[in-house]
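Structure first, then comments.
The values are calculated or read from the model by the stated rules, or taken from the named source; none is laboratory data. Note that this is a predicted model, so its numbers are computed, not measured. Cβ placement follows ideal geometry from the backbone for every residue including glycine, while neighbour counts extend to all protein chains displayed.
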Amino acid sequence: MYDDATRQAQADEEMISSAYQHLIDTYLASPHRKKVDIISRAFNFAKQAHKGVRRLSGEPYIMHPLAVAQIVCGEIGLGSTSICAALLHDVVEDTDYTVEDITNIFGEKIAQIVDGLTKISGGIFGDKASAQAESFKKLLLTMSDDIRVILIKISDRLHNMRTLGSQPPHKQYKIAGETLYIYAPLAHRLGLNLIKEELEDFSFRYEHPEAHEQICKQLDNIRPHLDEAFRNFIQPIREKLDQLGLSYDIKARIKRPYSIWVKMQNKGVKFKEIYDILAVRIIFDPQSPETEINDCFQIYAACTSIYKAHPDRFRDWLSNPKSNGYQALHTTLMSKQGRWIELQIRSRRMDDMAERGFAAHWKYKEGEKDTSASEVELEKWLSTIKEILDDPQPSAMDFLSTIKLNLYSSEIFVITPKGEFKTMPSGCTALDFAFSIHTVLGTHCIGAKVNHQLVPISYKLKSGDQVEILTSNTLRVEPSWVQFVTTAKAKNKIEAILRRQRREQQKKGEEIFEQWCKDNELDQNSQMLDRLAMYHLMETREEFFTGLGAGAITLGEEDLQTIKSGSTRQYENKGWKKYIPFYKRKKTPEEQKTELSETNYGTTALVIDRKKPLHLSEENIHRVTMCPTCNPIPGDEVLGYLDDQNRVIVHKRNCNIANRLKNVDGNHILAVFWDTHKQISFAATLHLEGIDRVGIIKSLTDVITEQLNVNVHQLSIAAREGIFQGEIELGVHDTEDLDIIINKLQNIDGIEEIKRVS
């Protein structure tokens, strides 16, 4: 026994020493100042603090801080301060040491970063309820002071995702969902492209293991064809570039499994119908820093002299970089084999920025200021985040959704009347643009002139539009404006103004009520207020005052009679509330029960062990609820959500509601697996499109009912100008049945497209 323990201790020590030496070697090979001393002290301190503790994977706990520090140093490119903070990031949270101890031993700066990491360890980033927005706010506030906090936190999550296999399935779904919802978008926004892609692929692997494995196999199968296509495509390009005397590399970029899957889901296509799996990247050394952009265009001209370029797929991110610092020239060329291939042209510097993010080049030395375009763009984004933090959000998920609007969006360029270029998210409106310039401009916006044409505030802008905002000083923000904006800043400002208007109306209502009581010689008391609020269908006195101040309620003789008689009679015909969107009457318990019954949520509760997977069988399937939004059937990858009444709702793992639940209440997510053995029938709907002809419906029903012996629940077909569209609802046992049906129907003459509808 003693020998086994000794051997284990020796093996652990060798593993730890090897990982630490790898970290030091990586650091010494970096361009940073060589402060090995302080890194060594931080490592030994963390090692002692975590002594005797092991992770779920079985390895010593210190291996996790070492791995995070390795990512921080080797994959992001940060220096000794960040490496020390990464080594110490769990010490304050998991041991008896305090931030003061870290300050005394390692100094103020490292302690501040560790403190920031400790503050955000709970809430959305920990094992507690995911919707605690305060933790996320702390993260963003700390990030705006020192970007290294979020970079270390992203590194921490990346290592957690790399070792997620040791967690039980229900934890995997929660952590993977949270990663896709917040961490991958943050990495994207900070320009950490390689890390973003790895986070997405790991999340995909654990949420949809079968789909991930299938796509990986399909990629492996076509890789020889992709390699051949790449070689044929670049051969004449190499000859041209060699003639120009450039130093360059040409790389093939294969689309990642997650990106392929997302495209398949969004467009409803199969793997073989994804045509942009291969892209080509030219990375060159500029002749001088001044000629960098000219060299890009020179390479572009050389390539387009060989291949024809797609007229609508040219993207110039050189003069106007993306907001995360990305610079490159993109075009799509037609190869000799008749396929479109995207070409990306970057300098070595641009490539480094694109893959590792401009945050890796952040300057921390006192007195130094980096004024590069990427740094300016980061400052702008952090400034926007600070503005959002200034106004409290009504709910945690609203806050997270508001921030998320600023993380993941493609970008367009919009031009001001003076000819200045502004980067805006794709899909933004004229009202978004107004708020992006100034809150006052947005508040009084009545419309815009886009390319000298008058448009409404809801008009969606396109890249290259020149926009002039039109204003009116008498205009007030309307509740409907929330529907006209897509950016976080505009949405947040509008909602803040509406809340302020509501407070003003409430105060005015109190004054009106006070005067009314004086005029009618009434003494104000809580009982009187409650009666009047109930009479006007108000949940609270505050709602009553707001309605009064907004002019939606007028006090008259009926109100006097209500007070004098003590009646609490309610009238259901008062429809004024629909005009004030922040009034929403709460449902009575009876209405809630009816709603649950109508949505089939009133099922008998199961006895659930959250730590164990739930197997859905013929015996218990009637005691769970299938989500009516995504309509899962056996064969779909699913998860369960255990509500506060111990009822289980089953969702597809990619269901929008499930994605939200993983972040709102991730600890109530269950691992669920099918075990129905084709004994139960489930409803599934297929959408069909094709060329209309006589007998198409008969062909459909013959195949389904006679050849496949499947029950048709509902069939609707509509034809117009020779094209038909329709939906057919079938009773099937599982996705295998559905695949057989789809394959059979695809052979019918005239049918061009079939896809399942959730």
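When A309, A301, A279 are screened for being surrounded by 13 or more Cβ atoms within 10 Å (Cβ to Cβ) and more than 31 Å from the chain's Cα centre (by Cα), only A309 passes.
Among all positions in the stretch 170-183, there is at least one residue which is small (G, A, S), surrounded by 15 or more Cβ atoms within 10 Å (Cβ to Cβ), closer than 30 Å to Q70 by Cα and touching a residue at least 24 places away in the same chain (Cβ under 8 Å). Would you point out the residue of the stretch 82-104, among those that are surrounded by fewer than 21 Cβ atoms within 10 Å (Cβ to Cβ) and either outside the structural domain of I38 (by TED's automatic domain parsing) or among the hydroxyl-bearing types (S, T, Y) (or both), that is nearest to R162 (Cα to Cα)? Among those residues, the one meeting the criterion is T95. If you go through the stretch 438-467 and pick out every residue that is farther than 21 Å from Q483 by Cβ and hydrophobic (A, V, I, L, M, F, W, C), you end up with 1. Screening the candidates S319, S259 for the property of being hydroxyl-bearing (S, T, Y), assigned by TED's automatic domain parsing to the domain that holds N232 and modelled with pLDDT of 90 or more yields one hit, S259.
Counting just the residues of the stretch 714-735 that are assigned to a strand (DSSP E or B) and β-branched (V, I, T), which one comes out surrounded by the fewest Cβ atoms within 10 Å (Cβ to Cβ)?
Restricting to residues being assigned to a strand (DSSP E or B) and β-branched (V, I, T), the top hit is I723.
Restricting attention to the stretch 288-310, the residues that are touching a residue at least 24 places away in the same chain (Cβ under 8 Å), over 18 Å from I234 (Cβ atoms) and either of a type in the set (S, T, N, Q) or not assigned by TED's automatic domain parsing to the domain that holds R223 (or both) total 0. Reported count of residues in the stretch 665-679, each being crowded, with 18+ Cβ neighbours inside 10 Å and farther than 22 Å from D734 by Cβ, is 3. Among the residues of the stretch 261-278, those identified as free of Cβ contacts under 8 Å to residues at least 60 places away in the same chain and within 13 Å of N654 (Cβ to Cβ) are W261, V262, M264, N266. Checked against (1) in contact (Cβ under 8 Å) with a residue 12 or more places away in the chain; (2) outside the structural domain of K564 (by TED's automatic domain parsing); (3) on the phi < 0 side of the Ramachandran plot, Q505 meets all criteria but (2).
Just a yes or no: is a residue in the stretch 218-225 β-branched (V, I, T) and closer than 29 Å to L151 by Cβ? Within the stretch 218-225, not a single residue is β-branched (V, I, T) and closer than 29 Å to L151 by Cβ. In the set R660, R693, only one residue is in a loop (DSSP other than H, G, I, E, B), out of contact with any His (no Cβ under 8 Å at 6 or more places or on another chain) and touching a residue at least 24 places away in the same chain (Cβ under 8 Å); that residue is R693. Only a single item in (1) among the hydrophobic types (A, V, I, L, M, F, W, C); (2) without any contact (Cβ under 8 Å) to a residue 60 or more places away in the chain; (3) under 26 Å from T423 (Cβ atoms) is not met by L343, and it is number (2). Checked across the stretch 98-108, the condition of being touching a helix residue (DSSP H, G or I) at 6+ places or on another chain (Cβ under 6 Å) and assigned to a loop (DSSP other than H, G, I, E, B) holds for no residue.
Yes/no matrix, rows are residues, columns are (1) modelled with pLDDT of 90 or more; (2) assigned to a helix (DSSP H, G or I):
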position	(1), (2)
A184	no, yes
G191	no, no
A229	yes, yes
P236	yes, yes
Q243	yes, yes
R253	yes, no
Y275	no, no
F284	yes, no
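When each of N473, N451 is tested for being modelled with pLDDT of 80 or more, within 27 Å of L318 (Cβ to Cβ), exposed (fewer than 14 other Cβ atoms within 10 Å of the Cβ) and not assigned by TED's automatic domain parsing to the domain that holds L661, the lone residue that passes is N451. Could you tell me whether the stretch 208-216 includes any residue that is touching a Lys or Arg at 6+ places or on another chain (Cβ under 8 Å) and within 24 Å of R349 (Cβ to Cβ)? Looking for residues that are touching a Lys or Arg at 6+ places or on another chain (Cβ under 8 Å) and within 24 Å of R349 (Cβ to Cβ), one finds none in the stretch 208-216, hence no. Residues in the stretch 22-64 that are surrounded by 16 or more Cβ atoms within 10 Å (Cβ to Cβ), touching a strand residue (DSSP E or B) at 6+ places or on another chain (Cβ under 9 Å) and in a loop (DSSP other than H, G, I, E, B): H50, Y61. Considering L642, L661, L730, L670, the condition of being over 21 Å from K755 (Cβ atoms) and out of contact with any Gly (no Cβ under 9 Å at 6 or more places or on another chain) is satisfied by L642 alone.
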